[in-house]
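As structure tokens, the structure follows; a few thoughts come after it.
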Amino acid sequence: MERSIQDGGDKIRVCLVSFIISKAFEKPLSNLVNILCSLSDDIYIVTGNVDYVTIKTNKKKIHSYENYYKKNNNGLVQFIRYLGLQIRISLTLCKLSKRIDFFIFFMEGVGLFPMLTVRLLRKKIVWILPSSILMKNTELHQESLHGVFLQLQTICSVLSNKIVVYSPNLIKEWNLEKFRDKIRIAHEHFLDFTKFKITKKFDERTRLVGHIGRLSEEKGTLNFVRAIPKISKENETKFLIGGDGQLMGEIDAYLEKNRLRDKVKLVGWIPNDKLPEYLNELKLIVLSSYTEGLPNVILEAMACGTPVLATPVGGIPDIIKDNETGFILKNNSSEYIEKNVLEALNSSKLAEISSNARKAIERYFTYENAVETYEKILDELMD
């Protein structure tokens, strides 16, 4: 293109499709909407759950279409409801199609019916993958289900004009090699550095180790929890676990059984506006995940000068350079977590890493950088 979207070109009309929305997914969705506000005068949002939709932006022309979805413990009922949600969203997209240039799918799952509907309407699709549908759900370790979801992911990849992932590392990790020509590397992460900042000097913090995020198997949460007894025996280290999820009850029972109540504070879900307070108390934060895209909490922790110890999955190795801007956890077994937490806490470079982490985030995770990247992707579709 001779002119980009922002540099005098026509403003695009965008429809953002996103479902199912969890608490952890609310912030990335809000960020993406704000990025698109710089590239479009007219944004349509179709979501799957009214409970968590709180988009904060000053943009006036935002049209919201909410298709309510309620989870059910019965697998068959939940599947039927999920299909019903896709049908309702597909019908909404049909009604909107004449007003839209591009449809952007940003979701924690697969939207086969809506994507197929959009392509039948001869509209272009950008599919942003915040996580892998193959890796996110623990039941996908079953061979039969893995094959089904692999086929669904492949179909959605074929239907998409562009596929956006957070890191080149994810192309192979998420079985997307055959779609390399469509793939672009981008993220919707940017931080408010007046909010996420260092408010407590690093040398004034106690030996408090945190684990913040969804309490689920793919996050390696139980591995972290099972490392706590041995770590706590060797020194005065204490622990904070923030988040909610299906493992909350099991974690609570483990802490009770192993008499760890005085060592571990289980605080539940932490609202984003309260998160800087917690991060500024930590000496180290651990993410022992099996799979990730690019966890926002890592960036928020680094902005608060809190060193991160994390597994090298997804976009994490692009951000954390071992013993420079954080620590890489090469194995997320409980034994390895125990060993690496103690090594990190006793590192002579810990304070230096705290400072390096803040500088790295300030340099790369600005709103302007995020807008520029997405502008280039959407410009390609206009050619």
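Any read-out appearing in this document is the output of simple, stated calculations on the displayed coordinates, not a laboratory observation. Only a predicted model underlies this, so the values are computations on that prediction, with no experimental measurement involved. Ideal geometry is used to build each Cβ from the backbone, glycine not excepted, and the neighbour counts take in all protein chains shown.
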Review point. Going down the list 70/257; 23/195; 219/263, which pairs span over 29 Å between their C-alpha atoms?
Key: 70/257
**Study point:** Largest-first principal axis extents, alpha carbons of the chain, Å
**Key:** 64, 49, 37
Point to revise | Sorted by Cβ density within 10 Å, fewest first, the residues 174, 269 | key: 269, 174
Review point. Can you sort 259, 13 so the residue with the fewest Cβ neighbours within 10 Å comes first?
Key: 259, 13
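Local charge sum around residue 204 (other residues, Cβ-Cβ under 11 Å, Lys/Arg +1, Asp/Glu -1)?
Working: positive: 200, 201, 205, 283; negative: 203, 281.
Result for the local shell: +2.
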**Study point:** For residue 41, distant residues with modelled amide H under 5 Å away
**Key:** 12
Review point. Using the Karplus equation 6.51 cos²θ - 1.76 cosθ + 1.60 (θ = phi - 60°), what ³J(HN,Hα) coupling, rounded to whole Hz, does each residue of the stretch 259-270 give in order, writing x for Gly and Pro?
Key: 6, 10, 4, 7, 9, 10, 10, 9, 9, x, 5, 9
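So which trypsin sites (Lys or Arg not before Pro) in the stretch 274-383 end up in coil per DSSP with only 10 or fewer other C-beta atoms within 10 Å? Could you put the intermediate results ahead of the total?
Working: sites: 274, 283, 321, 330, 339, 349, 358, 359, 363, 376; in loops: 274, 283, 321, 330, 349.
Within the stretch 274-383, the qualifying trypsin sites (Lys or Arg not before Pro) (loop, at most 10 other Cβ atoms within 10 Å) are 330.
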Revision key, fill the gap. Nearest 10, in degrees from 0 to 90: the angle of helix 248-257 to the longest Cα principal axis of the chain is 10 degrees
Point to revise | Span from the the stretch 157-180 Cα centroid across to the the stretch 324-343 one, whole angstrom | key: 29 Å
Check your understanding: Taking only the alpha-carbon positions of the stretch 202-364 and ignoring solvent, what does the Debye formula give for the base-10 log of I(q)/I(0) at q = 0.15, 0.20 Å⁻¹?
Key -> -0.73, -1.41
Exercise for review: Quick one: compute the contact order of the chain, relative version, from alpha carbon pairs under 8 angstrom and 6+ residues apart, as a percent.
Suggested key: 15 percent
Exercise for review: May I ask which residue of 212, 314, 110 lies farthest towards the positive end of the charge dipole of the chain, with charges of +1 (Lys, Arg) and -1 (Asp, Glu) on Cβ and the Cα centre as origin?
Suggested key: 110
Check your understanding: When the Cα centres of the stretch 224-261 and the stretch 182-222 are compared, how far apart do they sit, in Å?
Key -> 19 Å
Practice item. Please turn the phi angles of the stretch 173-179 into ³J(HN,Hα) values with the Karplus equation 6.51 cos²θ - 1.76 cosθ + 1.60 (θ = phi - 60°), one per residue in order, whole Hz, x for glycine and proline. Key: 4, 10, 6, 10, 4, 5, 10
Check your understanding: Using +1 on the beta carbon of Lys and Arg, -1 on that of Asp and Glu, and nothing else charged, what's the dipole of the stretch 202-364 about the Cα centre, debye to 20?
Key -> 320 debye
**Study point:** Mean separation of Cα contacts under 8 Å, 6 or more apart, over the residue count of the stretch 202-364: relative contact order %
**Key:** 26 percent
**Study point:** Ordering of 214-222, 340-348, 298-306 by burial proxy (mean other Cβ atoms within 10 Å per residue, highest first)
**Key:** 298-306, 214-222, 340-348
Review point. Under a point spin-label approximation (7 Å from Cα along Cα-to-Cβ), what is the residue 330-residue 76 distance to one decimal in nm?
Key: 5.0 nm
